[in-house]
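To keep things clear, I will list the structure first and then write my remarks on it.
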Amino acid sequence: MTTNYVRWPARMNPTDALFWSMDRIPELRSTIGALVILEHPPSREAIRAEFLRQSDHLPRMRQRVVEVPFNLAPPEWIEDDDFDLDYHVRYLAVPSPGGFEELLAEVSPLYATALDRDRPLWEAYVAEGLMDGRGALLLKMHHCLTDGVGGSQLFTELLGQRDPGVGRRPRREPHRSASASALVWRALQDNAAETISSGETLVRTVVAAAQRPLATLRQALAAVRGFGRELLVPRAASPLHGKRSLSRQLATFEMSLREIDAVRNRFSATNNDIVLTIVAGAMHRWHTGRGVDVHELRTLVPVSLRGPEEAQAGNRLALLAVSLPTGEPNPLRRLRAIQQRVGRFKEDRRAALYPLLARLLIAMPSAVAERLGRQQTNRTNFVCTNIPGPRNICYLAGAAIEKMYPYAPLVGDHPVAIALYSYRETMCVGLDVDPLAMPDLPHFRDALQESYAEVLNLGRQSAVGPRRRRGVSRRRPSRNVSSRLGPGSEATG
């Protein structure tokens, strides 16, 4: 099997380049990751063969980033002549008793460390010594490689079969020189081609706008107004922003996709609507538990800009700020308010402006771009991202993948990142927090559990009416996988 359907551009797009550029500042570092739980631990030989296969099919795993002199164009991806698979795939021993708490205690500080910018931008840490005979590994990579949706597409394509055909290798891309003169020459060629392409796109846009001038003008004004409001609205004060560090504490949580789908269908909502309703309720409980009543919090929500048939490496996303009614105790009113607010983003289409903003930022002097980047992260309180994944079972090194918990970066002044990945019948939740900002992560997990149960109960009450109907089961929310692997699911980085 191959991934020939994926386009592998030799040059970063503006959003990729923005993530790469901001990475020079430690607090703006963008590392994404996943904790993969396997039905059994593969042998070291099987693991090495698996990552060798993946590096053959995914060019980015063997490529390093090379910047263009004088910043004439975004950086290029160049084959790393010194690629060393054994540097990128490492092993760690989980201390006794080998539960989830011990596993996360080991991988949390590893997730917090920076990637080597002179090498391919990924690392894998294979855990050995887990109880119950399971296997696990932490995969981390730089955000400039791909976004969540793009990564999920590659993950499904590469790991969707037990026997992927290890012996069949795709054709390697031609070697490109990393000399300064070659980089400048390719940059000039690419800029000329992009100018022609942009001109053609502009002509098509103008022609389409001329056919519907009033509608086009209304859409453009709505997008600009919406984006302007997003930039001007300050975030709410919260104890989350009292202290910050570069340490990380990882945790996990689980939700049933089937039960969330039932609530979603009952209220004509999206999965994102339900997720944001649960998260808002959890944030309300966490804040009131600390004696603080916050009426609204702003969350940074990545939105995919990929078309239905668009499969390529790199980032195709926008970062939008959504105000959550955390002060609303009624879950149904909270859900309806979130549906209304998210609906405004769809109406004014402000997400389409994000690639233009990224292009403008990378064209600015680095000091100015970094300052603007910091300012934008200061307008939201935390990050929440939801990535759709496969419903079929996937395999890694011959072992079935049981769960995959995603982790999003804490960029700038975001002390909490909540990432969700739907795999088979489970929505796997990865919590990435700064332990100095949220020293009581177990309390927040409890708040998530309570808010999750509250929303599920809301759907069941609506389904059965004022009295419980015969034959309708009241299922309890799914428990964390930690109950099967160990006594807890938090760890300090």
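The values are calculated or read from the model by the stated rules, or taken from the named source; none is laboratory data. The structure presented is a predicted model; accordingly, all values stated were derived computationally and were not measured. Because the Cβ atoms are built from the backbone with ideal geometry, glycine has one as well, and the counts that use them run over all protein chains shown.
Against the test of being closer than 26 Å to P409 by Cα and modelled with pLDDT of 95 or more, the options L28, L58, L35 yield a single qualifying residue, L35. Return the total of residues in region 419-453 being under 13 Å from R248 (Cα atoms) and in contact with an Asp or Glu (Cβ under 8 Å, 6 or more places away or on another chain). Residues that pass the stated criteria total 1.
Out of region 382-403, which residues are part of a strand (DSSP E or B) and either of a type in the set (F, W, Y) or farther than 18 Å from I260 by Cα (or both)? Once the filter is applied, which keeps residues that are part of a strand (DSSP E or B) and either of a type in the set (F, W, Y) or farther than 18 Å from I260 by Cα (or both), region 382-403 yields F382, V383, Y395, L396, A399, A400, I401, E402.
Matching residues to (1) in contact with a Cys (Cβ under 6 Å, 6 or more places away or on another chain); (2) more than 30 Å from L137 (Cβ to Cβ); (3) of a type in the set (S, T, N, Q); (4) crowded, with 17+ Cβ neighbours inside 10 Å:
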site: L353; (1), (2), (3), (4): no, yes, no, yes
site: L357; (1), (2), (3), (4): no, yes, no, yes
site: I362; (1), (2), (3), (4): no, yes, no, yes
site: S366; (1), (2), (3), (4): no, yes, yes, no
site: N381; (1), (2), (3), (4): no, yes, yes, yes
site: P390; (1), (2), (3), (4): no, no, no, yes
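Set side by side, the residues D293, D261, D273 differ, and just one is among the charged types (D, E, K, R) and more than 23 Å from the chain's Cα centre (by Cα), which is D293.
Inside region 265-295, residues that are more than 19 Å from E454 (Cβ to Cβ) and either part of a helix (DSSP H, G or I) or in contact (Cβ under 8 Å) with a residue 24 or more places away in the chain (or both) make up a count of 2. Contact map, region 387-414: first residue within 26 Å of P26 (Cα to Cα) and in contact (Cβ under 8 Å) with a residue 24 or more places away in the chain, second residue of a type in the set (D, E) and surrounded by fewer than 19 Cβ atoms within 10 Å (Cβ to Cβ), Cβ cut-off under 8 Å, separation 6 or more or different chains; pairs are V411/E27; G412/E27; D413/E27. So for region 415-424 (the condition being assigned to a helix (DSSP H, G or I) and either modelled with pLDDT under 95 or surrounded by fewer than 21 Cβ atoms within 10 Å (Cβ to Cβ) (or both)), does at least one residue qualify? Taking every residue of region 415-424 in turn, none turns out to be assigned to a helix (DSSP H, G or I) and either modelled with pLDDT under 95 or surrounded by fewer than 21 Cβ atoms within 10 Å (Cβ to Cβ) (or both).
For region 86-114, what are the residues that are out of contact with any Pro (no Cβ under 9 Å at 6 or more places or on another chain), in a loop (DSSP other than H, G, I, E, B) and surrounded by fewer than 17 Cβ atoms within 10 Å (Cβ to Cβ)? Those that are out of contact with any Pro (no Cβ under 9 Å at 6 or more places or on another chain), in a loop (DSSP other than H, G, I, E, B) and surrounded by fewer than 17 Cβ atoms within 10 Å (Cβ to Cβ): P95, S96, T113.
Contact map, region 123-150: first residue farther than 27 Å from P59 by Cβ, second residue polar (S, T, N, Q), Cβ cut-off under 9 Å, separation 6 or more or different chains; pairs are G129/S96; M131/S96. Evaluate region 134-149: report whether one residue or more is modelled with pLDDT under 90, buried (at least 20 other Cβ atoms within 10 Å of the Cβ) and either of a type in the set (D, E) or touching a Phe, Trp or Tyr at 6+ places or on another chain (Cβ under 9 Å) (or both). Taking every residue of region 134-149 in turn, at least one turns out to be modelled with pLDDT under 90, buried (at least 20 other Cβ atoms within 10 Å of the Cβ) and either of a type in the set (D, E) or touching a Phe, Trp or Tyr at 6+ places or on another chain (Cβ under 9 Å) (or both). When region 174-189 is filtered for residues that are assigned to a helix (DSSP H, G or I), in contact (Cβ under 8 Å) with a residue 60 or more places away in the chain and under 18 Å from V65 (Cβ atoms), the ones remaining, listed by number, are A180, L183, V184, R186, A187. In region 42-85, of all residues being over 25 Å from the mean Cα position of the chain (by Cα) and of a type in the set (G, A, S), the one that is surrounded by the most Cβ atoms within 10 Å (Cβ to Cβ) corresponds to A73.
Scanning region 230-264 for residues that are of a type in the set (A, V, I, L, M, F, W, C), touching a residue at least 12 places away in the same chain (Cβ under 8 Å) and assigned to a helix (DSSP H, G or I) yields L231, L240, L257, I260, A262, V263. Filtered by the rule that a residue be aliphatic (A, V, I, L, M) and assigned to a loop (DSSP other than H, G, I, E, B), region 116-137 gives L121, L130. Taking every residue in region 323-340 that is without any contact (Cβ under 8 Å) to a residue 24 or more places away in the chain and pairing it with any residue that is part of a loop (DSSP other than H, G, I, E, B) and crowded, with 20+ Cβ neighbours inside 10 Å, at least 6 positions away or on another chain, the pairs with Cβ-Cβ distances below 7 Å are A337/P325; A337/E328. Hey, P329 hits all of (1) modelled with pLDDT of 75 or more; (2) under 26 Å from A236 (Cβ atoms); (3) outside any loop (DSSP other than H, G, I, E, B) but one; which does it fall short on? Of everything listed in (1) modelled with pLDDT of 75 or more; (2) under 26 Å from A236 (Cβ atoms); (3) outside any loop (DSSP other than H, G, I, E, B), P329 misses just condition (3). Annotation note: of R374, R379, the sole residue that is of a type outside the set (A, V, I, L, M, F, W, C) and out of contact with any strand residue (DSSP E or B) (no Cβ under 7 Å at 6 or more places or on another chain) is R374. For region 398-414, the set of residues classified as out of contact with any strand residue (DSSP E or B) (no Cβ under 6 Å at 6 or more places or on another chain) and either surrounded by 24 or more Cβ atoms within 10 Å (Cβ to Cβ) or at pLDDT below 95 (or both) consists of G398, V411, G412, D413, listed by residue number. Among the residues of region 296-304, are any closer than 19 Å to Y421 by Cβ, touching a strand residue (DSSP E or B) at 6+ places or on another chain (Cβ under 9 Å) and small (G, A, S)? Yes: region 296-304 contains one or more residues that are closer than 19 Å to Y421 by Cβ, touching a strand residue (DSSP E or B) at 6+ places or on another chain (Cβ under 9 Å) and small (G, A, S).
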